[in-house]
Structure formats: C-alpha cells, structure tokens
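The values are calculated or read from the model by the stated rules, or taken from the named source; none is laboratory data. What you see is a predicted model, and the numbers here were worked out from it, not measured in a lab. For neighbour counting, all protein chains shown are included, and Cβ atoms are generated from backbone atoms with ideal geometry for every residue, glycine included. Areas reflect the complete protein model, heavy atoms only, side chains present, ligands, DNA and RNA absent. Shrake-Rupley method; radii C 1.70, N 1.55, O 1.52, S 1.80 Å.
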Amino acid sequence: MLASAFTMMRAKADFVQQFIRNPRAIGSITPSSEALCRAMTDAVNLQRPLRIAELGAGDGVLTRQILLRMGSKCQLDAFEISPTLVEKLHQINDSRLHVRACSAELLSGEYDVVFSGLPLLSLAPALRNTILAAVHDVLGAHGVFVQFQYTSLTQPDLSRYFTWQRQRVLKNVPPAWVYRCTRHYAP
C-alpha cells in the first residue's frame, strides 16, 4: 500500500514538473480525475467499431479510460507533443493504441470520435483555430468531438465549428466543463 502511494505521488510530481516546464502545453497542475474521464467517455458509445483520436493525451489518464471502455475493433490514435509524456504513453500495452508524437494540428484522415484535453484558451488563437478546423474536417458525418475545459471562454471558438452541449464536472481539480460537439456546417 505504501509503495502504491509513493508511485501515485511520483506520478503527480512528474505531472506538476511537466506543467512548470510548459504551462501553455500542459494546461493543468493535476491530471484529469476519474470523474472527468468518465464524463468524457460517457458522452459517446465506444462499443461499436470506431476510429478514435485523443488530442493532448498527456500521461494517459484519459487514454486508459478510453481503452477500458472501447470495443475490441476500435483504434485509438493518441497525439502528444511532450517527449516525456510520449514515453509514458508508449508504456501502455494495448495493440489498439497508436501513439503519435506530434501536434494535434497535424490531425488528418477520418475519425468517428475525437477526445481532447488540450488547453484551448492557453493556445495562440491561430493555433487554436487550426486545431478546431482540423477536428471539424476529420469528423465523419455523425462524428463527435468531446473537449474538456476549465472555463467557458472558448465557447465562441467551439460554436464557430460545432453545435455543442456541456456538462459540469465538479469532482475534478479544478472543476471542468465537458463539451460534446457535433458538426453543424462548414465554417
């Protein structure tokens, strides 16, 4: 029990260290809570064959939850730019997971679901718009984009590309909004 507590503390310390090095890229001082991950994965049915992307996969907290919930014929592409966090993602042993050590702005192809923990408000406006346009373009006709944010200040950006519904998750530090977005028109 003591060993698992030390492991958990070390993981949190690593996360804080990543945040201190690059707060604009990490976006939070703590990993997403189980409640936040559950709210995000509850926003879509992951049991049918799907092509899934996760943007800003971080240390894999949401990645692991997606893998637990998704069907055996699904594929998950996890995008992460931090080399340290990419190493952690490579430690997840699941053949359905493909780690992409590149920016979310390079998202291409077609996806049924895109999850994102990217700190949109922290990104430069041009980069934020490039990423949201890329997500819009890769979503299939019935695709879903699930994004969490700590503030509602990015709602105008989301509204430019998507129709959305949101849910508040209080059991997270800090509390977060989960946006379930669908395409509504070409921007």
Considering only Thr154, Val173, Pro119, whose Cα is most displaced toward the positive end of the charge dipole of the stretch 97-176, charges sitting on Cβ of Lys, Arg (+1) and Asp, Glu (-1)? Val173
Please give the solvent-accessible surface of Ile131 in Å², to the nearest 10, using a probe radius of 1.4 Å with every protein chain present. 10
Mind grabbing the accessible area of Phe162 for me, 1.4 Å probe, Å², rounded to tens? 0
Once you put a point 7 Å from the Cα of His98 and another 7 Å from the Cα of Ile81, both along the Cβ direction, what distance in nm separates them? 2.2
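Report the calculated FRET efficiency for Gln155 and Leu127 (r = Cβ-Cβ distance, R0 = 22 Å), to the nearest 0.05. List each step's numbers first, then the result.
Working: r = 18 Å, r/R0 = 0.82.
Calculated value: 0.75.
Express the C-alpha Rg of the stretch 80-173 as a ratio against the empirical globular expectation 2.2 N^0.38 Å, rounded to two decimals. Walk me through the numbers on the way to the answer.
Working: Rg = 14.2 Å, N = 94, 2.2 N^0.38 = 12.4 Å.
Here the Cα radius of gyration is 1.15 times the empirical estimate.
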Figure the gain on full extension for Gln167 and Lys73 (residue separation times 0.36 nm, minus the Cα-Cα span) and round it to one decimal in nm. 31.0 nm
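Placing unit charges on C-beta atoms (Lys and Arg positive, Asp and Glu negative, everything else neutral), compute the dipole magnitude of the stretch 100-177 about its Cα centre in debye, rounded to 20.
Numbers: 6 positive and 5 negative charges, 74 e Å.
Dipole of the stretch 100-177, to the nearest 20 debye: 360 debye.
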